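Novice: So that we are looking at the same thing, I have put the structure below in structure tokens.
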């Protein structure tokens, strides 16, 4: 069970990319006070957590209703995660997180950004949704295994929240170069995870 927890935690941590999320959060709240940033970070994390847990509970049911098998979703999800990994390594936008237009709209807006684009799609984006559904399908109906996945998600969200709350000192500590290097390393790890998910999907298709 510890192996499953660690696997899920690393997967969520790479997908959520706390340093990258913290950098974007800092960029879209340039005029907010520390209290406003803290309130928005807490609200966004709670909303994102609720969305991802909902996907963990109902995501596979939705797939069945649409007639989509888990192997097909694994292959499609793995490919999407690979695109996200390419974004992180190549520093380009494919729209799997927030698009450049969405980030520009957030930066130009004075309203609460905790729901959009912070909670969705920066934290609970397609990559995170895909990952939680895939992990839910992997553990099946085992309540203990599902608890491990939810615990891993909660811990990864807590790390992301901590990174946003410490955005200013974290960016000063890492520097632009350090943040870029960390994002690229996480991108390579995510690419490997994506490849494994695709291979698992292909294997499950031919075995089933």
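Novice: Across all directions of projection, what mean area in square nanometres is found for the Cα convex hull of the chain?
Specialist: On the way: hull surface 46.0 nm².
About 11.5 nm², averaged over all directions.
Novice: Please report the equivalent ellipsoid semi-axes of region 127-208, computed as sqrt(5 x eigenvalue) of the Cα gyration tensor, largest first, in whole Å.
Specialist: Values: eigenvalues 194, 69, 9 Å².
They are 31, 19, 7 Å, listed largest first.
Novice: Would you mind pulling out the separation of the Cα centroids of region 50-71 and region 151-204, in Å?
Specialist: If we compute the Cα centre of each part, the gap is 24 Å.
Novice: Right, something else. Computed over the Cα atoms, what is the radius of gyration of region 1-60 divided by 2.2 N^0.38 Å, N being its residue count?
Specialist: Values: Rg = 14.4 Å, N = 60, 2.2 N^0.38 = 10.4 Å.
Region 1-60 yields a ratio of 1.39.
Novice: Can you tell me the orientation of helix 34-65 relative to the chain, as the angle in degrees between its alpha-carbon axis and the longest Cα principal axis, to the nearest 10?
Specialist: Rounded to the nearest ten degrees, it is 20.
Novice: Please determine, in degrees from 0 to 90 and to the nearest 10, the orientation of helix 167-207 with respect to the longest principal axis defined by the Cα atoms of the chain, where the helix direction is its Cα long axis.
Specialist: 10 degrees
Novice: Would you please give the FRET efficiency between residue 10 and residue 83, computed as 1/(1 + (r/R0)^6) with r the Cβ-Cβ distance and R0 = 30 Å, to the nearest 0.05? Numbers along the way, then the final one.
Specialist: Working: r = 19 Å, r/R0 = 0.64.
With R0 = 30 Å, the Cβ-Cβ based efficiency is 0.95.
Novice: Here is a further query. On a 0 to 90° scale, report how tilted helix 70-90 is relative to the longest principal axis of the chain, with both axes built from alpha carbons and the result rounded to the nearest 10.
Specialist: With both axes taken from Cα atoms, the answer is about 30 degrees.
Novice: Here is a follow-up. Can you show me the helix-derived [θ] at 222 nm for the chain, built from DSSP H runs with n ≥ 4 at -39,500 (n - 2.57) apiece and divided by the number of residues, rounded to the nearest 500. Before the final figure, lay out the partial values.
Specialist: Details: 8 runs with 166 residues, N = 208.
The helix-only estimate for the chain comes to -27500 deg cm²/dmol at 222 nm.
Novice: May I ask for log10 I(q)/I(0) of region 110-166 at q = 0.23 Å⁻¹, from a Debye sum over the Cα atoms as equal point scatterers with solvent left out?
Specialist: For the requested q values the scattering log ratios are -0.96.
Read-outs throughout are calculated quantities, based only on the coordinates presented, and are distinct from any laboratory measurement. Note that the structure is a prediction, hence the values are computed from the model and not measured. When we count neighbours, we look across all protein chains shown, and the Cβ atoms used for this are built from the backbone with ideal geometry, even at glycine.
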